[in-house]
Amino acid sequence: MSQQVQGVVAPGKNESVRIETILIPDPGPGEAVVKIQACGVCHTDLHYKQGGISDDYPFLLGHEASGVVESVGAGVTDVAPGDFVILNWRAVCGSCRACLRGRPWYCFNTHNATQKMTLTDGTELSPALGIGAFAEKTLVAAGQCTKVDPSVAPAVAGLLGCGVMAGIGAAINTGNVGRGDSVAVIGCGGVGDAAIVGSRLAGAARIIAVDIDDRKLATAKTMGATHTVNSRTTDAIEAIRELTGGFGADVVIEAVGRPETYNQAFYARDLAGTVVLVGVPTPEMKIELPLLDVFGRGGSLKSSWYGDCLPSRDFPLLIDLHQQGRIDLAAFVTETIGLADVEKAFARMHEGDVLRSVVML
């Protein structure tokens, strides 16, 4: 029998979000209903609202979440009612060509719940990234639930569901940052700062934070940046080269998702260095690089999908490191809010003074 809960819905392109009554069906085979405890307000949710992802309105927003499994459908064995979980948007299938080659973090056939959540009039909702967690409860594929230590604060745990994992993974999994490496991170929002944390955790000797906002650069220093560059007043490429003996960084992580900052990343890396794109561009954006420079500079140009993470491996590990005091995930939580404050949280993103607003339920 379906349940009625409250959730935040984006009804149309650039329309203000509103709280609606949502119908949550009982979980079918391979599905789970999760009682949400915390959900971060991510830029991706804003992209959904603005029509930057698709036009499949209305959207049930929210995806960076943690909560407790309430019920599961037939055939579910990995999680059970009462388990504290982080929700992930890349539930691996186990049978695609990437999974069969032992690379499940590249799974090409990730899946979501089969049943639809709806409004009370029967209108089907499109859950953000297959999750829809700005709601008291949500329906997901059971593979989207990753069990972790229940003693961790829900607001902290949920952030691994998207932005923090994307940044840490961009450094460790995609960029393969190693001991003694030099790293530059362009864009010091939540994902960029997470890349700084990941670089420090991996043993980078020099971590250069680049942004146009001095407030963000100050925060980046607290996260582990050894140097900062304000690219509004300083040439970022030249500054990074100067800080790396004239060569450029071993790994440059682009956490903005714009052609001009990608160009900076490309030319700010050392010969045979690595560029990692983790910032999300919009569909119309294009880059133009001399092919001779692509060839002549060598190295790797990579895109980072969800930090190339494997949730079952990476989420529990990072929670353990947080519990040990080796990384401070709580530093990413700027404020806690209610469901009614999501629209205001979107506005605060543009002001540049929050890493994460977290909805608590």
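Close Cβ contacts (under 9 Å, 6 or more residues apart or on different chains) running from residues in region 275-297 that are surrounded by 17 or more Cβ atoms within 10 Å (Cβ to Cβ) to residues that are acidic (Asp, Glu) comprise 275/254; 276/254; 277/254; 278/254; 279/254; 297/270. Take residue 12 and decide whether it is over 27 Å from residue 166 (Cα atoms), open to solvent by less than 30 Å² (accessible area, probe 1.4 Å) and not in a strand (DSSP E or B). Spelling it out, residue 12 is indeed over 27 Å from residue 166 (Cα atoms), open to solvent by less than 30 Å² (accessible area, probe 1.4 Å) and not in a strand (DSSP E or B).
Inside region 19-49, can you point out the residues that are farther than 20 Å from residue 339 by Cβ and open to solvent by 40 Å² or more (accessible area, probe 1.4 Å)? Residues satisfying the conditions are 26, 29.
When restricted to residues that are part of a helix (DSSP H, G or I) and more than 24 Å from residue 250 (Cβ to Cβ), region 318-333 contains 8. Scanning region 163-186 for residues that are at pLDDT 95 or above, open to solvent by less than 10 Å² (accessible area, probe 1.4 Å) and not β-branched (Val, Ile, Thr) yields 165, 167, 169, 170, 171, 175, 184. Checked against (1) assigned to a helix (DSSP H, G or I); (2) under 18 Å from residue 64 (Cα atoms); (3) touching a residue at least 60 places away in the same chain (Cβ under 8 Å), residue 336 passes all but condition (1).
Only a single criterion out of (1) more than 24 Å from residue 39 (Cβ to Cβ); (2) within 23 Å of the chain's Cα centre (by Cα) is not satisfied by residue 233, namely (2). Which one of 351, 343 is under 24 Å from residue 220 (Cβ atoms) and among the acidic types (Asp, Glu)? So the residue among 351, 343 that is under 24 Å from residue 220 (Cβ atoms) and among the acidic types (Asp, Glu) is 351. Picking from residues in region 81-98 that are within 19 Å of residue 305 (Cα to Cα), open to solvent by 30 Å² or more (accessible area, probe 1.4 Å) and of a type outside the set (Gly, Ala, Ser), the one that is nearest to the chain's Cα centre (by Cα) is 89. Can you say whether residue 78 is at negative phi and open to solvent by 20 Å² or more (accessible area, probe 1.4 Å), as far as the supplied structure shows? Against the criterion (at negative phi and open to solvent by 20 Å² or more (accessible area, probe 1.4 Å)), residue 78 qualifies. Under the condition of being assigned to a loop (DSSP other than H, G, I, E, B) and farther than 29 Å from residue 96 by Cα, the residues counted in region 110-124 number 4. Please count how many residues of region 174-200 are in contact with an Asp or Glu (Cβ under 6 Å, 6 or more places away or on another chain) and under 22 Å from residue 43 (Cα atoms). Here the count works out to 3.
The values are calculated or read from the model by the stated rules, or taken from the named source; none is laboratory data. All of these numbers come straight from a predicted model, not from anything done at the bench. Every residue, glycine among them, receives a Cβ derived from its backbone with ideal geometry; neighbour counts consider all protein chains shown. Accessible surface is based on the protein model in full, side chains and every heavy atom, while ligands, DNA and RNA are left aside. Shrake-Rupley method; radii C 1.70, N 1.55, O 1.52, S 1.80 Å.
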